[in-house]
Amino acid sequence: MSDEWSGAADNTGNVLEGTALGALLSGNGAAAGFSINYERVPQSIADLEHAAKYLQSQAKVAQGLANIPAPGLDGVSLNAVAQIGKWASDSGANNLEANLLAGAKQLRDLAQKLREDLKTYLHVEALNIPTTPSPGLPLPSLGRSL
C-alpha cells in the first residue's frame, strides 16, 4: 500500500483534531470566534449516530463484495474477483470495509463528545436525543446502499 493511504483506517482518533471545529470541541473555540447553538446539538447527535449506523451497514455490504462469484472461469474474471475482494475487505487496514468502520467510529466518537459536552453545559445526567435523523439528511435508509 502506498503511504498516501497508510493509516486511513487505523487512525480513528478525533477526526476534527487540528481543525477549527476540533478546537471548539476541545474548549478552545471561543478564541477562534466559534459558538455552539445548544438547541440544535441533540438533533446533530442523532444525525451523527444515524450516519455512523449507515456507514456500519455499508461495511457489511463491502464485506459481501469479497465473496462475489467470478462471472467466468478465465484468468481475467478470477483475477478481477480476487482484486475486488482484496479492495473491499481483506486483512489489511486500507480496504473499503475497514475505512467505513473507521468512519463510523469517528462519527460515534464525535456524537459521544457532543453528548458529554451538552450534558455538562445543561448540568443534566440524561439527554432527550431524537431517534430519527433530520429530514433531508442525504443518506438512504439503513437497509439500502448509495
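Quick note: the coordinates plus some simple rules give every number you see, no bench work behind them. Predicted model, so just to flag it, every value in this text is computed and none were measured. Quick reminder, even Gly has a Cβ in these numbers, built from the backbone with ideal geometry, and neighbours come from all protein chains shown.
What to note about this one:
- Exposure proxy order (Cβ contacts within 10 Å, fewest to most) of 38, 54: 38, 54
- Local electrostatic count at residue 111 - Lys and Arg +1, Asp and Glu -1, tallied over other residues with Cβ under 13 Å: +1
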